[in-house]
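Engineer: This is the structure I have questions about; it appears just below.
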């Protein structure tokens, strides 16, 4: 049996779900998955179908380590990043750790805040991805056939097909305008899921080729040492890493990238509207969670956590009360909630009497 591992990236802030999501309780820890489970718990369920618990590593912010550990099964390793540095340093760190454990290690990368309901299809596709990556020196990414021209997702243009649902990558494109996204959908582009499989050694080679300074900064963190020494080096070195996504740092530059067209459903749940699309609705199309009162409303999202959220006579609105704060906005403006979260975080609020 090959040495297979899973990296779960759980460091995001999820600001578009304010006020439910806060720095101390970001999107991946909220009960946004089916059955009221957190997105992290649902992701770990999928991860544990790919590797045993000791082979699963969760990377999160240092301040979130206690909260994340509470949701992890026994044996899953949780490490904290002393500073946010995006996905390339996080994946490079994990690659070094896995490679130090096994020279032939391969691993999957799973964001902790995505929604996937068809776990059987997910496991089948990831298993096939592992087999491809273990056979060839390639970087495998997963794309999903778009259901809508979503401008908030990245896109992948498949190139030459080399097997069923497996192609070389011709191009990556980040968050296009809606008109461009519509064209991409018609031209057979795929949504970029941010889910990957590769051998640790192959990824480290690609990182060294594309970002040699970043690779050199991370290299000592993959050496064998006791926990105290590792934490000291982590505190010293990780904040010095370049902050850059793995797409920009490696995937857009590497010549050996393949895209697997996934058969599983997928959504990155980037907004209240995106979450609502996957939820049960009442007979007037409303999504309700927690303590709510909804009278004469249509197609609204109403969430009450720590208090009652009430909506009366509204259409296509989001009303959320959580953590002593309240949000009210049109569903078609939920992408702007990040700006509200930022204003609240830095204290740009106004009180009048």
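Engineer: Only one of these is surrounded by fewer than 18 Cβ atoms within 10 Å (Cβ to Cβ) and touching a residue at least 60 places away in the same chain (Cβ under 8 Å): 278, 232. Name it. Explain how you work it out, then say what you get.
Structural biologist: Details: 232 fails: touching a residue at least 60 places away in the same chain (Cβ under 8 Å).
The conditions single out 278.
Engineer: Limited to the range 82-108, what total is found for residues that are touching a helix residue (DSSP H, G or I) at 6+ places or on another chain (Cβ under 6 Å) and outside any loop (DSSP other than H, G, I, E, B)?
Structural biologist: Looking only at the range 82-108, we keep the residues that are touching a helix residue (DSSP H, G or I) at 6+ places or on another chain (Cβ under 6 Å), and these are 82-83, 87-88, 91-93, 95-100, 105-108.
Checking the rest, the ones that are also outside any loop (DSSP other than H, G, I, E, B) come to 87-88, 91-93, 95-100, 106-108.
The number of residues fulfilling the criteria is 14.
Engineer: From the list 288, 281, exactly one residue is under 25 Å from residue 115 (Cα atoms), assigned by TED's automatic domain parsing to the domain that holds residue 327, touching a strand residue (DSSP E or B) at 6+ places or on another chain (Cβ under 7 Å) and assigned to a strand (DSSP E or B). Which is it?
Structural biologist: Working: 281 fails: assigned to a strand (DSSP E or B).
Answer to the check: 288.
Engineer: Still on this structure: Mind telling me which of the residues 254, 309, 249, 328 ends up being part of a strand (DSSP E or B) and either assigned by TED's automatic domain parsing to the domain that holds residue 84 or buried (at least 21 other Cβ atoms within 10 Å of the Cβ) (or both)?
Structural biologist: On the way: 254 fails: part of a strand (DSSP E or B); 249 fails: part of a strand (DSSP E or B); 328 fails: either assigned by TED's automatic domain parsing to the domain that holds residue 84 or buried (at least 21 other Cβ atoms within 10 Å of the Cβ) (or both).
Exactly one residue qualifies, and that residue is 309.
Engineer: For the range 112-122, give me each residue that is in contact (Cβ under 8 Å) with a residue 12 or more places away in the chain and over 15 Å from residue 140 (Cα atoms). Spell out how you get there, then give the answer.
Structural biologist: Initially, the range 112-122 is screened for residues in contact (Cβ under 8 Å) with a residue 12 or more places away in the chain, giving 112-119, 121-122.
Selection gives 112, 113, 114, 115, 116, 117, 118, 119, 121.
Engineer: Being out of contact with any helix residue (DSSP H, G or I) (no Cβ under 7 Å at 6 or more places or on another chain) and in a helix (DSSP H, G or I) is the filter; apply it to the range 181-201 and report the residue that is surrounded by the fewest Cβ atoms within 10 Å (Cβ to Cβ).
Structural biologist: For the range 181-201, the residue satisfying everything is 186.
Engineer: Out of curiosity, is residue 273 on the phi > 0 side of the Ramachandran plot and either surrounded by 14 or more Cβ atoms within 10 Å (Cβ to Cβ) or in contact with a strand residue (DSSP E or B) (Cβ under 8 Å, 6 or more places away or on another chain) (or both)? Outline the logic, then answer.
Structural biologist: On the way: on the phi > 0 side of the Ramachandran plot: no; either surrounded by 14 or more Cβ atoms within 10 Å (Cβ to Cβ) or in contact with a strand residue (DSSP E or B) (Cβ under 8 Å, 6 or more places away or on another chain) (or both): yes.
Here the answer is no, as residue 273 does not meet what is asked.
Engineer: Against the condition under 27 Å from residue 114 (Cα atoms), part of a strand (DSSP E or B) and not assigned by TED's automatic domain parsing to the domain that holds residue 29, how does residue 293 come out, does it pass?
Structural biologist: Details: under 27 Å from residue 114 (Cα atoms): no; part of a strand (DSSP E or B): yes; not assigned by TED's automatic domain parsing to the domain that holds residue 29: yes.
No.
Engineer: Please state which one of 71, 28 is touching a strand residue (DSSP E or B) at 6+ places or on another chain (Cβ under 8 Å) and closer than 22 Å to residue 306 by Cβ.
Structural biologist: On the way: 71 fails: touching a strand residue (DSSP E or B) at 6+ places or on another chain (Cβ under 8 Å).
28 is the lone residue from the list that is touching a strand residue (DSSP E or B) at 6+ places or on another chain (Cβ under 8 Å) and closer than 22 Å to residue 306 by Cβ.
Engineer: Still on this structure, please answer the following. Across the range 143-164, what is the total count of residues that are farther than 16 Å from residue 248 by Cα, buried (at least 16 other Cβ atoms within 10 Å of the Cβ) and in contact with a strand residue (DSSP E or B) (Cβ under 8 Å, 6 or more places away or on another chain)?
Structural biologist: Selection size over the range 143-164: 5.
Engineer: What about residue 182, is it closer than 22 Å to residue 89 by Cα and in contact (Cβ under 8 Å) with a residue 12 or more places away in the chain?
Structural biologist: On the way: closer than 22 Å to residue 89 by Cα: no; in contact (Cβ under 8 Å) with a residue 12 or more places away in the chain: yes.
For residue 182, the condition - closer than 22 Å to residue 89 by Cα and in contact (Cβ under 8 Å) with a residue 12 or more places away in the chain - is not met.
Engineer: Output the number of the condition that residue 288 fails; it satisfies all remaining conditions of (1) out of contact with any helix residue (DSSP H, G or I) (no Cβ under 9 Å at 6 or more places or on another chain); (2) surrounded by fewer than 20 Cβ atoms within 10 Å (Cβ to Cβ).
Structural biologist: Only one criterion in (1) out of contact with any helix residue (DSSP H, G or I) (no Cβ under 9 Å at 6 or more places or on another chain); (2) surrounded by fewer than 20 Cβ atoms within 10 Å (Cβ to Cβ) is unmet by residue 288, namely (2).
Engineer: Within the range 64-78, restricting attention to residues that are on the phi < 0 side of the Ramachandran plot and free of Cβ contacts under 8 Å to residues at least 24 places away in the same chain, which residue is surrounded by the most Cβ atoms within 10 Å (Cβ to Cβ)? Let's see the steps before the verdict.
Structural biologist: Residues of the range 64-78 that are on the phi < 0 side of the Ramachandran plot, as a first pass: 64-74, 76-78.
Retained after the next criterion (residues that are free of Cβ contacts under 8 Å to residues at least 24 places away in the same chain): 65-66, 69-70, 74, 77-78.
Values: 65: 17, 66: 10, 69: 14, 70: 10, 74: 6, 77: 15, 78: 20.
This residue is 78.
The values are calculated or read from the model by the stated rules, or taken from the named source; none is laboratory data. Please read these numbers as outputs of a predicted model, since none were measured by experiment. Virtual Cβ from ideal backbone geometry, glycine too; neighbours counted across all protein chains shown.
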